[in-house]
Every structure is written in C-alpha cells, then in structure tokens.
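Step one of this worksheet: look at the structure below.
The values are calculated or read from the model by the stated rules, or taken from the named source; none is laboratory data. Bear in mind the structure is a predicted one, so any value in this text is a computation, not a measurement. A quick note on method: Cβ atoms are made from the backbone with ideal geometry, for glycine too, and the neighbour counts reach across all protein chains shown.
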2 protein chains.
Amino acid sequence: MNKYLITGFSGFVARHFVEYLENHEKPCMVKGIDILRPDFNINHYKNVKISFENMDLLSKDRIKHIIDEFQPNYILHLASFSSVAFSWNEPVQSFKNNTNIFLNLVDAVRKLNLLNTRILSIGSSEEYGTVNKEKLPLREDDRLNPVSPYAVARVAQETLSRVYANSYNLDIVMTRSFNHIGPLQNSVFVVSSWAKQLVELKKAGKSRGRMVTGDVSIVRDFTDVRDVVRAYYLLLHNGCKGQVYNVCSGSGFPLKDIIDMMAGQLNVEVEIHIDPRLIRPADNRIIIGSNEKIKQELGWENRIPLEQSLQDIIKYWNTHTN
Amino acid sequence: MNKYLITGFSGFVARHFVEYLENHEKPCMVKGIDILRPDFNINHYKNVKISFENMDLLSKDRIKHIIDEFQPNYILHLASFSSVAFSWNEPVQSFKNNTNIFLNLVDAVRKLNLLNTRILSIGSSEEYGTVNKEKLPLREDDRLNPVSPYAVARVAQETLSRVYANSYNLDIVMTRSFNHIGPLQNSVFVVSSWAKQLVELKKAGKSRGRMVTGDVSIVRDFTDVRDVVRAYYLLLHNGCKGQVYNVCSGSGFPLKDIIDMMAGQLNVEVEIHIDPRLIRPADNRIIIGSNEKIKQELGWENRIPLEQSLQDIIKYWNTHTN
C-alpha cells in the first residue's frame, strides 16, 4: 500500500491532493504534518487512511522520528510560509520556515538512508524574479534572479534539492509552481479574497461596490489547484529525479481581468481603488510560465479553464464564510 | 574614528585584517565577535583599539544589541563554517552556520536602519561549482552551479545580500573569495597542514618522508591572505554597493606543485600516498578565477607570489606548533 507523507497538510493544496488520492489512487495511507490542525474531518475518506501529526518542521529530531516510523514511499513537501508580503516584513522567519524546514526534512531522509522515497519539493515562480518581457514565457533553464526574501528561500531550497539528489542520491523532484487558485483557498490570497468580497456584496443585495486593491495591472499565470495536484501526483510517480518542472497554465491574465470576470459572473459592478500601501517593492510586472516540459515528459495538461475556476471559487464562498 | 565590526574574529583572516588596520588605517576601533576566544593579545596594537564579544551569531537578539551599541561604520563578515568536507557530513549545521548567521547579521542592520554601515559579505569560489575548462577563468557574471551543501549556503548568502542591498537599501558588497593561504592559518587546511608536516620532518632531521593526501592533481587559485585582507579593506571603502567581486590571483596550481615547492624550499623529498577516503564527492577539478573586475575598479593587485607565501608559512611553522 502506497504511503504518502504530506507536509503543510492543513493547507488547501493538501486537501485537494487528498481528494485526488481518494478518487484516483488505490487504497493508500497518508500521514499529514502541519503546525496548524486541519479544519476538515480526516476520517471521512474511504480510500485514504489518514493520520495527522501536529508539529513544527523546525524540530528536526521529531521529523526524523516520524519519517522513520512511517517509512513513506512518497513525500509531498507543501509546507511553506508562502507569502511574499510576509517575507518583506519578516525575512528571517520567512527564510527559516521555508529553507530550514525543507533542509530538516531532506536531511532526515538522508540520515535514514531512504533512497527510494520520492520527495517532491515545491518551489515557486517567484524564483525567476525580475525578467524582461522578451524572455517570456519562463522556462526551467532560464536564469534565476530572485528579488524577495521569499524567493531567495525558494531558490535555496531548490539548490539544496539538487545537491541532495545529485550528491547524496536522494530521489528528489522539484517544481516551480505558479499562482494557483481554487475552492478552499484562504482569503489572505488575492483571488480568494476578491471572490469573498464580491460574494458578500451580492449577498448584501447590492449591485455595485468598491474594492481596495494593490496594483491590478500586473499579469499572473493562474492554474486551478485541481490541475496542480494532478501535476504533483504525476511528478511524484513519473517525474525525473533531480529535475525541476514548471507547474503553470502557460497563459497570463492581468489581475484586473480576474476581478472583471468574477464581477460579471455575479452580475455586480465594481469600482477599484488602488492603495499604494498594498504595492510591493520590487514586484514583477508579468509572470507567465512555459509548461512544455511537464506536458511533454508527463502528459500533464491544465484542464480547468480560468472561468470555471472562478465560478467554483464563487460557489465556494456562497456556502462558506472563511 | 572608524569603527569596524569583525565577525569570525578569532580566525586567521581577521588577525591579518587587524594587522592591516594597524599599519595602514588611521587610529580606529574594532569590535571582534566569535564563538571561540582569540588566541592572541588583543591589547598589543597601538593604532587599533579592540574589544571582543564571545558569542554565537545564531543569537539574533544579541547581535542586534551589539551592533546597536557599537554603531559600526564597517562590518567585515568573516564568520563561517568554511569546510566543504564538514558540510558533506553535517549539511544542516553547515547551512545554519553560514546562511542563518549572515541573515541574522544583516537583518539586525536592517532593523536598526543603519543604511550607512558598509557590510562586506565574504563568499566563496565554491559557489561557481562544476564548470567546463573552457569557461575558465571564472568571472563574476558566470552562472553559479553549487555542488556541495557549503556552496549552496554561500550562494544563498550572496543572493540574500543582493536582496538586502537592492530592496532594503543596505550597503552591502559581496566577494567570491578563492583559496587563501598564509602564516597563522589553521592546519586543518591543506597547505598549512602540509607545511606543518614537512617542517616536522625537517625538524626530526629526516631528508625524506611520506605524506597521505587526497587528490593532489586538482588545480586551485591561491592568494596570500595579506593580499586578501587588502582587497577586503579596499572593498569596504571603495567597493560598489550590491556588486560581487572575485578575490583571487588569476593563476592556478595543481596541489602537487605546492607540495613540491615547499619540499624544495626545505630540501626534503616526499613520497605522496593518495588516500581515496580523502577524495570528496563532486569536487571541482580546476578552479581559477578572473580578478579583472577588482583590479580595474579598485586598483587591487596580488603582490605576494606563491613562493613567498609558502616560504612565510614554513617560517611560521618553524616557530609554532599549532
């Protein structure tokens, strides 16, 4: 029976990954790890037997003990302080809770000599940093030029992955994951936050409203989380050791278009107010990735169009308040 | 009066840097920091008033307090677990004691808003990693491909330096320092270790002996530590913010030649035995740097030829036992 260790288990990506296992994998076991307890019932799955450990990956002895006991075939390392904004304010915390937690994890696997445990290290499109328009879409062999503390931490994680794969012979595959969206995403993330605000407007019976945002002319490449977790499953099972893969849709949309699409779906009108305090230093204007590598090597494709994702996110906020 | 904060104060580079200040700087103050106490008398300098703090840079509150109190004009960050071999055995320790200590240091400067404090971040030629012969000599804008945990930590430090310089406006200059040698260097480093062994052979009245080594066909670029500290002084005073500079001689020598030169100077014969256990994984065959940038921008040059360095190292071991 396949055993999956999932860090960052209480986040929305893990939840979707478990859904994927429930529907597409043979009966399997999952050990979830997170500093926060999951807000869903881990016992309601038929196909997936889940246990949970409430812990901080900065405790290196504890993570080693858990891995030794569970002996996972697969490790999906989702745990991350993934907010770029947070990293500007608390660079040391951000760095430790990205790079150092990963380092503790892979070093535990090294010390236990689990050379057949496949690890998927999740990275970020932020690693590419500031790039010229003519370099788009971003490809895996492009030069990395991280501009935020968060991005530096992610690059360090990827570089460590390479050393652990090439020199210690650990079975690690890496991603550079672009923005992902979908139902269940926390409303600290923009698209989810906007959907929530628009739904609240609609629920209040208003047909127009005001929204305070950062710079909405920037362009991002969004993938539905359900396509993302399928990519992670494929990479865990068939990705090439030591290789890095973009996980992205290959298309870019200005954030403003996202707001307009959702407002259109809800049939409300929105006036956007830019708050300069919400504009980040050194932000990238346009991020669009190439997904040729993962398509060609693994036959992955992004199936859920943006409109569908946004509709499902709105549906989610219609029935939830957080 | 200029105030210099020097981390890694008890190492041999700091000692030579203080000698340089004693002979070339106006009266100045130095605050030394190290986890080990210095093994020399810090009060015997006329020109340099030294105080010392015995501390670990992983204590971030303490380093912040010390910087706040001392208000340095210059920070020379020499502290490092600089052994590549150690990093293979203890990657987590190596990473923390390179990257995390640096991060604590620069983040303290950021929080104290000391935008006029010039910081010199010492990096390593190891950052370049494995390169093809035709790419030599290594230039600052070459792609980095670190292959050891130590090298990854150094790359992370340099990337963090860039973010702190460009986005937080800290006044940081970076180096990639190649191998340096000279009197006072600890005998855990190869050249110093060989010199010590050869001197002991000579002292024992023998004219021939046996030496156990790793791979001595690899080529390295050696600079005398006294040239290195002059480079650091120039970079602290005139280096360009946010820029990285190679500190190297521009010439490569096989390690075997170093042994032969020293044996020749001592008039002893040596038989070399290669111990495969001393050969590191993923070691670079040839490392030679270009020093064009620091020469052109700062007028630095390496003045002490290799033969002279080796002679002085031998002279040092003639009068010291550790």
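Apart from one condition, A:Ala231 fits all of (1) assigned to a helix (DSSP H, G or I); (2) more than 17 Å from A:Asn302 (Cα to Cα); (3) small (Gly, Ala, Ser); the exception is (2). Is there a residue being more than 9 Å from chain A (Cβ to nearest Cβ), more than 20 Å from A:Ser87 (Cα to Cα), modelled with pLDDT under 95 and assigned to a helix (DSSP H, G or I) anywhere in the stretch B:170-186? No; the residues of the stretch B:170-186 include none that is more than 9 Å from chain A (Cβ to nearest Cβ), more than 20 Å from A:Ser87 (Cα to Cα), modelled with pLDDT under 95 and assigned to a helix (DSSP H, G or I). Within the stretch A:249-262, residues that are in a loop (DSSP other than H, G, I, E, B) have Cβ atoms under 6 Å from residues that are acidic (Asp, Glu) and at pLDDT 95 or above in these pairs: A:Ser249/A:Asp221; A:Gly252/A:Asp221, counting only partners at least 6 apart in sequence or on another chain.
Does the stretch B:195-210 contain at least one residue that is within 30 Å of B:Gly242 (Cβ to Cβ), aliphatic (A, V, I, L, M) and more than 10 Å from chain A (Cβ to nearest Cβ)?
At the first step, the residues of the stretch B:195-210 found to be within 30 Å of B:Gly242 (Cβ to Cβ) are none.
No, because not a single residue in the stretch B:195-210 is within 30 Å of B:Gly242 (Cβ to Cβ), aliphatic (A, V, I, L, M) and more than 10 Å from chain A (Cβ to nearest Cβ).
B:Arg110: touching a residue at least 12 places away in the same chain (Cβ under 8 Å) and in contact with a strand residue (DSSP E or B) (Cβ under 8 Å, 6 or more places away or on another chain), yes or no? No. When the criteria are applied in full, B:Val216 fails the requirement of being touching a residue at least 12 places away in the same chain (Cβ under 8 Å), of a type in the set (A, V, I, L, M) and more than 30 Å from B:Asn89 (Cα to Cα). In the stretch B:234-248, which residues are part of a loop (DSSP other than H, G, I, E, B) and among the hydrophobic types (A, V, I, L, M, F, W, C)? Once the filter is applied, which keeps residues that are part of a loop (DSSP other than H, G, I, E, B) and among the hydrophobic types (A, V, I, L, M, F, W, C), the stretch B:234-248 yields B:Cys240, B:Cys248. So for the stretch A:119-132 (the condition being in the same structural domain as A:Ile66 (by TED's automatic domain parsing) and more than 21 Å from the chain's Cα centre (by Cα)), does at least one residue qualify? Taking every residue of the stretch A:119-132 in turn, at least one turns out to be in the same structural domain as A:Ile66 (by TED's automatic domain parsing) and more than 21 Å from the chain's Cα centre (by Cα). Exactly one residue out of B:Leu76, B:Leu57 is within 14 Å of chain A (Cβ to nearest Cβ) and surrounded by 22 or more Cβ atoms within 10 Å (Cβ to Cβ), and it is B:Leu57. From the set of residues in the stretch B:112-151 that are part of a helix (DSSP H, G or I) and in contact with an Asp or Glu (Cβ under 9 Å, 6 or more places away or on another chain), which is nearest to the other protein chains (Cβ to nearest Cβ)? The extreme case among them is B:Pro149. Test B:Arg162 against the stated conditions and say whether it is part of a loop (DSSP other than H, G, I, E, B) and either facing chain A (nearest Cβ under 10 Å) or farther than 18 Å from B:Gln243 by Cα (or both). For B:Arg162, the condition - part of a loop (DSSP other than H, G, I, E, B) and either facing chain A (nearest Cβ under 10 Å) or farther than 18 Å from B:Gln243 by Cα (or both) - is not met. As an exercise: evaluate A:Ser82 against (1) modelled with pLDDT under 95; (2) under 16 Å from the mean Cα position of the chain (by Cα); (3) assigned to a helix (DSSP H, G or I) and give the number of the one condition it does not meet. Of everything listed in (1) modelled with pLDDT under 95; (2) under 16 Å from the mean Cα position of the chain (by Cα); (3) assigned to a helix (DSSP H, G or I), A:Ser82 misses just condition (3).
For the stretch B:79-94, give me each residue that is touching a residue at least 60 places away in the same chain (Cβ under 8 Å) and either of a type in the set (S, T, N, Q) or buried (at least 23 other Cβ atoms within 10 Å of the Cβ) (or both).
Keep residues of the stretch B:79-94 that are touching a residue at least 60 places away in the same chain (Cβ under 8 Å), which gives B:79-88.
Of everything in the stretch B:79-94, those that are touching a residue at least 60 places away in the same chain (Cβ under 8 Å) and either of a type in the set (S, T, N, Q) or buried (at least 23 other Cβ atoms within 10 Å of the Cβ) (or both) turn out to be B:Ala79, B:Ser80, B:Ser82, B:Ser83, B:Ser87.
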